[in-house]
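Notes for the one structure printed next.
The values are calculated or read from the model by the stated rules, or taken from the named source; none is laboratory data. Here the structure is a predicted model, which is why all the values come from computation and not from measurement. For neighbour counting, all protein chains shown are included, and Cβ atoms are generated from backbone atoms with ideal geometry for every residue, glycine included.
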Amino acid sequence: MKKSANRRAESVDGRFASVLAKLNFRPQATWAIAVSGGGDSIALMHLAAGWAKSNHVPPPRVLTVDHGLRPGSGTHANCVKAWAEARGLNAAILRWTGAKPRSGIEEKARIARYKLMGQWCSAHHTNWLLLGHTKDDQVENFLLRLGRGSGVDGLSAMQAAVPLPAPSFPAVTLLRPLLGFTRAELRAWLIERRESWLEDPMNDDDKFARTRVRKLLPLLAEAGIPSERIAAAAGHLSRARQALEEKTREFLQRHANFDGGVALLDGAALGEAPREIGLRALSDTLRNIGKSPYRPRFERLERLFEAVVSEDFRAGTLAGCRVVRASKARAAFGLRTIAIALEPPRKSRIRAAGAGTLP
């Protein structure tokens, strides 16, 4: 039994090291890991600390966020800090202060979490932030976004290395070295090492969509749709996404330009392009102008796209941007040129309500 446990432990450690090698990860200075206290992030903390010691690199700094969304969250964060320090790691507790939202809690908490960690990384000259997302998270994200009617991007697998989804911190790169691991095997690895972790009571609260999806997974497996197949489908879509992104870049190089903070798009070419390319070109332009780390919700993007490619389009808004038919002075692509700029401040919207073009 002990030999078998040792082989499994070596497998987890070895696989983790292989993933970091494939990512060409070799920190020369400060690097950080996000630790919530759950089994996945605690496993990441121990794996990262062991890897740093074996490779003679500086140990990671541990960042844990106290969202303040439930009683005892501060105690939870202090526990994570104590575990990190017992492992010989420096830890910081980042607190989300102020009024909390009454709706969309999961999404807004995620945005706040990335902002807090981005601020810490920027202040401490840290370019690498490791997260404990697993294969199970891939599956849950796929199903959640399927329920929202997401397109290829939303259904695609998370990437192992991406920019921090907070536009104010472009120098910070997120690494997800546990995407090839399941939640169960990481917990088994922790049990073998006699390590502890925390279970967030919010994970059992059915008011959260992720909790409801998680409880459906055994039923889907019984119906012949195991998690492995769902994760594989997300991986296939990720490859399709990469190809579509390349085609979208080519489209924008030919049919878009940026002029003084205003993006100009060829509306006629947008309508003639394959629909997926057109939708992506519009979405990417909105994100570029609005400085948003996230794509607009697919159904809202699709409605705006339908309006934009029609010959009688005048104006619309989405993702903090105002989209209008361009004035003659800006009609770089003819009469169907579309102009996209930041939406004006609230006080000036009434004055601009009747305008169909940007200055």
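Quick notes
- Qualifying residue in the range 189-210 (condition: over 26 Å from Gly38 (Cα atoms), out of contact with any Gly (no Cβ under 6 Å at 6 or more places or on another chain) and surrounded by 12 or more Cβ atoms within 10 Å (Cβ to Cβ)): no
- Tally, over the range 117-155, of residues that are within 13 Å of Leu179 (Cα to Cα) and of a type in the set (Ser, Thr, Tyr): 1
- Condition check for Leu129: over 30 Å from Glu302 (Cα atoms), out of contact with any Lys or Arg (no Cβ under 8 Å at 6 or more places or on another chain) and not in a loop (DSSP other than H, G, I, E, B): yes
- Residue among Glu107, Glu140 that alone is of a type in the set (Asp, Glu) and either in contact (Cβ under 8 Å) with a residue 24 or more places away in the chain or over 23 Å from Thr211 (Cα atoms) (or both): Glu140
- Qualifying position, being surrounded by 19 or more Cβ atoms within 10 Å (Cβ to Cβ) and outside the structural domain of Lys108 (by TED's automatic domain parsing), among Arg314, Arg280, Arg254, Arg303: Arg280
- Within the range 66-104, the set of residues being free of Cβ contacts under 8 Å to residues at least 60 places away in the same chain, farther than 21 Å from Leu164 by Cα and of a type in the set (A, V, I, L, M) comprises Ala77, Ala82, Ala84, Ala86, Leu89, Ala99.
- Check on Leu63, surrounded by 14 or more Cβ atoms within 10 Å (Cβ to Cβ), in a helix (DSSP H, G or I) and in contact (Cβ under 8 Å) with a residue 60 or more places away in the chain: no
- Complete set of residues in the range 53-78 that are closer than 27 Å to Ala184 by Cβ and in contact with a Leu (Cβ under 9 Å, 6 or more places away or on another chain): Pro60, Val62, Leu63, Thr64, Val65, His76, Ala77
- In the range 329-346, the residue that is surrounded by the most Cβ atoms within 10 Å (Cβ to Cβ) out of those that are outside any loop (DSSP other than H, G, I, E, B) and modelled with pLDDT of 90 or more is Ile340.
- Flag for Ile42 being of a type in the set (Val, Ile, Thr) and either within 18 Å of Leu116 (Cβ to Cβ) or modelled with pLDDT under 95 (or both): no
- Residue match in the range 135-155 (condition: under 30 Å from Pro58 (Cβ atoms), among the hydrophobic types (A, V, I, L, M, F, W, C) and crowded, with 18+ Cβ neighbours inside 10 Å): no
- Pair list, Cβ < 8 Å and 6+ apart or interchain, from the range 181-205 residues that are closer than 17 Å to Ala49 by Cβ to residues that are outside any helix (DSSP H, G or I): Phe181/Thr134; Leu186/Thr134; Leu186/Leu178; Leu190/Ser196; Leu190/Trp197; Trp197/Gly37; Trp197/Gly38
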